[in-house]
Amino acid sequence: MPASTRHITLLISKMSCVNCAANIERVLSRKTDGVARAKVNFATERAEVEYIPSIIGTDEIIAAVRHAGYGAELSDSETDIHNGETAARKAGDRDQLVRFVVGVLLTIPVFSISMGRGFHLFGPWADSPFIGWLLFILTTPVLFYTGWDYYTGGFRSLMNKSANMDVLVAMGASTAYFYSVAVLVIPRLSGHLQFETAAMIVTLIKLGKLLEARAKKKTGAAIHKLMELAPKLATIIEGDIEKTIPVSMVKKGDMIMVRPGERIPVDGKVISGKASVDEAMMTGEPYPVAKGAGDEVVGGTVNLDGMIRFSATRVGKETVLSQIIRLVEQAQGSLPPVQDLADRVAAVFVPVVIAVALITFSIWWTVTGDFVSAMIRMVAVLVIACPCAMGLATPTAVMAGTGKGAEAGVLFKSGAALEAAEKLDVLLMDKTGTITNGRFSVTDVTGAADSKQDVNHLMACAGSVAKNSNHPVAVAVAQKAVQMGLNLPESSDFVEHRGDGVSATIDGKEIRLGRPGWIESLGVDISGVKTRIADLRGKGKTVVVCAYDMHPLSIIALADTVKSGARDAIQGFYNAGLRLIMITGDSSRTAEAVAGQLGIEEVMAGVRPEEKAGVVMSLRDSGHRVGMVGDGINDAPALATADVGFAIGTGTDIAIESGDVVLSGGSLAGVMRAIGISRATMGTVRQNLFWAFCYNIILIPLAAGVLAPFEAVPEFLRQLNPMLAAAAMSLSSISVVTNSLLLYRSKL
């Protein structure tokens with residue numbers, strides 16, 4: 001039997017580029033016994049690790065990461081993740097900011113003096129040996145304090161038999177620095193000091209990393225917005241006493257009171273009171289939802305008016321909000337298959353760049369005999385190369401796209417689902433609970449031909465009998481009578497005739513409500529209403545007859561009504577170029593009636609649950625990319641078989657395992673939102689990867705001097721200064737992250 005595994009999430013620090021993430025994966029997956037799988041996301045700075053607890057523990061896994069030279073701590077999604085960054089991370093951010101400030105304060109005079117000397121802006125004193133030593137004194141802390149992370153990061157990368165961005169930065173800055181030191185201590189070398197180059201490289205790249213980190217946090221802002229929805233306090237009722245306690249102390253069954261304007265602290269069922277609740281954070285829909293006794297409420301939603309009391313049903317990690325956050329975290333931590341190309345390139349990127357830099361130096365020194373010029377070109381190549389942009393291109397877009405989706409009630413479970421959704425060309429949709437509301441509603445009330453009573457009286461009699469039954473048809477009839485504001489007469493001698501209908505006595509007269517065939521079998525003459533019954537059934541409706549003292553009183557038609565917005569959503573699918581098929585176990589008559597209302601052109605009716613998956617597989621085998629939209633257990637096989645399974649949620653059933661995308665609202669519009677988010681996100685991914693690859697393909701040769709022979713080209717491009725190279729390198733990463741952030745502004 002295979003050994004059972006457990007899963008943990010680690011918060012990783014001290015990574016500088018995607019190669020660091022690959023290093024940690026290699027250390028855990030290949031060199032640490034007991035680790036079954038490890039995946040590290042550079043953008044989210046997290047590691048998802050599956051391990052065998054009988055072989056290794058969490059402390060040993062963390063120790064392995066730290067031994068490799070990186071920071072690691074166990075993530076607790078209910079504390080450090082949901083409440084913001086850990087104290088250790090905040091301290092690390094402050095440390096990096098201090099290092100940068102020191103670098104700026106020292107680099108400014110180094111740069112100013114060096115440029116002044118170069119342009120002869122100062123007097124003879126600027127060329128004295130003292131100034132050279134002053135530049136040395138100012139530059140040294142910049143390299144070995146501000147830039148110390150690049151040395152330690154590069155060293156641990158090499159110790160792990162790989163090379164990352166830190167190696168390139170450390171090599172580039174050190175080359176300029178130690179050359180300058182050599183010129184300073186060996187006067188006969190008599191070259192131009194390059195201290196300003198070394199200082200500017202370190203300081204500019206440090207600035208770029210700080211801006212990059214800030215932008216990366218913004219791509220994950222959706223998680224923090226969701227965290228902020230969780231109230232910190234709850235008001236519970238114990239007897240006649242109100243107590244305000246931390247939400248973490250709320251237990252199942254506690255009676256909770258929520259006043260107007262307050263957030264609902266946990267999930268529960270309303271016991272008393274009425275209120276309008278803003279559930280936009282769950283469904284993406286801006287319209288308030290009326291809540292009363294028996295209705296379910298979800299933690300994090302807002303009570304707009306009225307006061308309600310409810311019993312807590314889900315607390316802590318069980319709440320819908322916690323499940324949503326975990327789904328978003330899971331999606332943001334996974335990457336779509338398109339990232340594989342970037343990972344393969346990044347694995348060999350740094351060694352190739354080092355080789356190109358050495359070749360550049362050798363060629364230029366051989367051709368020109370100018371050591372300094374050749375060295376500057378080599379440093380420019382080392383510094384301008386940017387593996388970070390490739391590493392950030394996909395994950396930052398995925399973080400922004402899944403965050404945008406969460407705000408709209410669309411929860412992607414993985415990066416693979418996010419990528420696959422844009423490629424769909426066929427969409428299968430279940431009917432009941434997906435296109436329709438999944439429950440009966442009264443649509444028509446007609447008096448029998450010889451009935452002299454008005455509709456209100458007919459419904460009052462039917463509702464009086466129906467209210468005693470839990471059958472879906474009876475419940476719908478009773479609800480309709482209540483909605484009409486009718487006073488229901490008292491009934492007695494209630495009997496439920498399983499599969500046929502119900503009966504009771506009102507004012508000494510027997511009332512029967514049920515199937516037309518059953519009513520007729522009792523001796524009631526319904527010949528005068530059979531045409532009407534046939535017409536209603538022809539429209540796919542369920543029909544019941546209410547008989548009063550052996551005479552037909554009324555005909556009541558019911559149907560599983562179409563969801564609000566379904567027509568617009570279906571038109572949106574067609575406009576998006578999708579082939580749409582409604583697949584249902586209902587009769588063809590009912591299915592065709594619903595399809596006719598909505599303009600659905602293809603219908604597959606009478607399909608059993610186990611056959612739905614076969615339909616999906618058949619379409620996939622014929623070359624189609626298939627999406628399946630469903631809500632019930634009977635849809636689970638088809639949802640799991642489809643390229644993308646869209647699981648319709650209701651806000652209280654969010655953790656649907658079979659689907660790849662969970663739509664926390666019940667609206668079909670969520671499917672189109674999901675496809676729109678997928679298309680926008682993958683478009684951004686392609687833009688980012690194109691920019692990242694083109695940046696390196698174009699600028700590395702530029703730094704190597706391919707334009708040097710062309711005198712018409714501006715001098716700064718023919719001999720690229722390493723300081724400009726450092727700025728370009730930082731800008732490349734920032735531009736990729738900023739492009740991903742634009743997803744938050746996209747309109748769905």
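The values are calculated or read from the model by the stated rules, or taken from the named source; none is laboratory data. Treat the numbers as computed from the prediction; the structure is a model and nothing was measured. All Cβ positions, even for glycine, are placed from backbone atoms using ideal geometry, and neighbour counts span all protein chains on display. The area values use the complete protein model at the heavy-atom level, side chains included, leaving out ligands, DNA and RNA. Shrake-Rupley method; radii C 1.70, N 1.55, O 1.52, S 1.80 Å.
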Q | Whole-Å distance, taken between Cα centres, linking the stretch 295-319 and the stretch 461-506 | A | 31 Å
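Quick one: work out the % antiparallel among DSSP beta bridges in the chain, nearest 5.
Numbers: 75 of 93 bridges.
Rounded to the nearest five, the antiparallel share is 80 percent.
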Q) How large is the helix-only mean residue ellipticity at 222 nm for the chain, computed as the sum of -39500 (n - 2.57) over DSSP H runs with n ≥ 4, divided by its residue count, in deg cm²/dmol to the nearest 500? A) -16000 deg cm²/dmol
Q: Would you mind working out the accessible area per residue for the chain, using a 1.4 Å probe, and quoting it in Å²?
A: 44 Å²
Q: With 5 Å bins from zero, work out the P(r) of the stretch 358-465 over every alpha carbon pair and list the percent per bin.
A: 2, 8, 9, 8, 7, 6, 6, 6, 6, 7, 8, 5, 3, 3, 3, 2, 2, 2, 2, 2, 2, 1, 0
Q. Where the centroid of each part is defined by its Cα atoms, how far is the stretch 156-198 from the stretch 562-595 in Å?
A. 67 Å
Q. From the Cα gyration tensor of the stretch 1-52, with a ≥ b ≥ c the square roots of its eigenvalues, which class applies: rounded if a/c is under 1.5, or else prolate if a/b is larger than b/c, or else oblate?
A. prolate
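Which is the longest stretch in the chain that no exposed loop site breaks, taking sites as chymotrypsin sites (Phe, Trp or Tyr not before Pro) with a DSSP loop state and at most 10 other Cβ atoms within 10 Å?
Numbers: sites that count: 119, 710.
Maximal segment without exposed cleavage sites: 120-709.
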**Q.** When the stretch 498-648 is reduced to its Cα atoms, the Kirkwood hydrodynamic radius in Å
**A.** 18.1 Å
Q: Please list, or write none, the lysines whose alpha carbon is within less than 16 Å of the alpha carbon of residue 209, excluding same-chain residues fewer than 8 places away.
A: 14, 90, 217, 218
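May I ask you to list, by number, the DSSP H helices of the chain whose Cα span along the axis is at least 18 Å and whose average Kyte-Doolittle hydropathy reaches -1.0 or more? List each step's numbers first, then the result.
On the way: long enough: 18-31 (19 Å, -0.10); 87-118 (46 Å, 0.51); 129-141 (20 Å, 1.55); 165-185 (30 Å, 1.60); 195-219 (36 Å, 0.27); 320-333 (20 Å, 0.51); 339-368 (42 Å, 1.46); 371-384 (20 Å, 2.46); 387-407 (31 Å, 0.43); 609-621 (19 Å, -0.45); 669-704 (52 Å, 0.94); 722-741 (29 Å, 1.27).
For the chain, where a helix must reach 18 Å along its axis and average at least -1.0, the hits are 18-31, 87-118, 129-141, 165-185, 195-219, 320-333, 339-368, 371-384, 387-407, 609-621, 669-704, 722-741.
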Q.
Suppose we take every Cα in the stretch 619-748 and form the convex hull; what volume per residue is that in Å³?
A. 172 Å³
Q.
Roughly how far apart, in whole Å, are the Cα centres of the stretch 423-439 and the stretch 239-272?
A. 36 Å
Q: Do me a favour and compute the ellipsoid semi-axes for the chain from its Cα gyration tensor, root of five times each eigenvalue, largest one first, whole Å.
A: 69, 27, 21
Q. Got a number for carbon plus sulfur as a percent of the chain's accessible area, 1.4 Å probe?
A. 58 percent
Q: Order the following by accessible area, largest value first: 158, 486, 428. Probe radius 1.4 Å; ligands, DNA and RNA are ignored.
A: 158, 486, 428
